[in-house]
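Quick notes on the structure that follows.
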Amino acid sequence: MNAREQYIQQLKGRLNQLSTNDRDDAVEFYNEYIEDAGFSTVKEIVDQLGTPEQLSQEIISKTTDTSAGPTSTPLSAANNRRLKKVLYICLVVVLILILVPLALELLGLVIGLIGIVLGFSVSAFALAASLFASDLWAGIFYLGGGILLLGLLIIVFALVIWAGKWLIRGCKNLIQYLKTKFKEVA
């Protein structure tokens, strides 16, 4: 039997006056705490948590304290809130790591498409201007193509603005949702 098991066994024996659920929650919490902290000797555990007698009295006083309200498992409720908060923070970080590069990539794509359409329309106008001297109908054809491409550019601008507003509104709603979740957890 190692130091952790020995300490937990003594603690469990001193928590007999608690309900089974409260006792199991407390024992599970401190068992995981000691294991995660990496304490290898009873002295390290006692230095951090106190003797099993002291810790059991603290747990019993916190669990049976009626002034704090009707809480049957204060240890697991606090851990549950902390866990939810950590999960939401992780979710925000992952979303940022995914969405920022994606947004930059989409922005680059849109700028590139706008540049292509604008370049073709300018070249169509230049070609039309040079063809007016030699072939009137070819010049008119390329002038119409340039105007068509400028119209396409205006449509692309409108779509980009609409998509940008939609994305910004979606990000705003996501941030508001996460804020309300943080307030619920905290």
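The values are calculated or read from the model by the stated rules, or taken from the named source; none is laboratory data. Worth saying up front: this structure is predicted, and the values here are computed from it rather than measured. All Cβ positions, even for glycine, are placed from backbone atoms using ideal geometry, and neighbour counts span all protein chains on display. SASA here: full protein model, heavy atoms, side chains in, ligands and nucleic acids out. Shrake-Rupley method; radii C 1.70, N 1.55, O 1.52, S 1.80 Å.
Scanning the stretch 92-114 for residues that are surrounded by 13 or more Cβ atoms within 10 Å (Cβ to Cβ) and within 15 Å of the chain's Cα centre (by Cα) gives V92, L95, L99. Within the stretch 59-80, one or more residues are modelled with pLDDT of 85 or more and buried (at least 16 other Cβ atoms within 10 Å of the Cβ).
For I161, are the conditions met, namely being modelled with pLDDT of 80 or more and over 25 Å from K183 (Cα atoms)? Spelling it out, I161 is indeed modelled with pLDDT of 80 or more and over 25 Å from K183 (Cα atoms). The residue pairs whose first member lies in the stretch 22-40 and is over 14 Å from N79 (Cα atoms), whose second member is among the aromatic types (F, W, Y), and whose beta carbons are closer than 8 Å, counting only pairs six or more residues apart or on different chains, are I34/Y7.
Of all residues in the stretch 10-21, those that are over 16 Å from V46 (Cα atoms), open to solvent by 50 Å² or more (accessible area, probe 1.4 Å) and without any contact (Cβ under 8 Å) to a residue 40 or more places away in the chain total 2. The residue pairs whose first member lies in the stretch 133-149 and is among the aromatic types (F, W, Y), whose second member is in a helix (DSSP H, G or I) and open to solvent by less than 90 Å² (accessible area, probe 1.4 Å), and whose beta carbons are closer than 8 Å, counting only pairs six or more residues apart or on different chains, are F141/A128; Y142/A124; Y142/F125; Y142/L127; Y142/A128; Y142/L131. So in the stretch 109-146, with the set limited to residues that are farther than 26 Å from F157 by Cα and of a type in the set (F, W, Y), which one is modelled with the lowest pLDDT? Going through the qualifying residues, I end up with F132. What's the total number of residues in the stretch 22-57 that are at positive phi and loosely packed, with under 13 Cβ neighbours inside 10 Å? Selection size over the stretch 22-57: 1.
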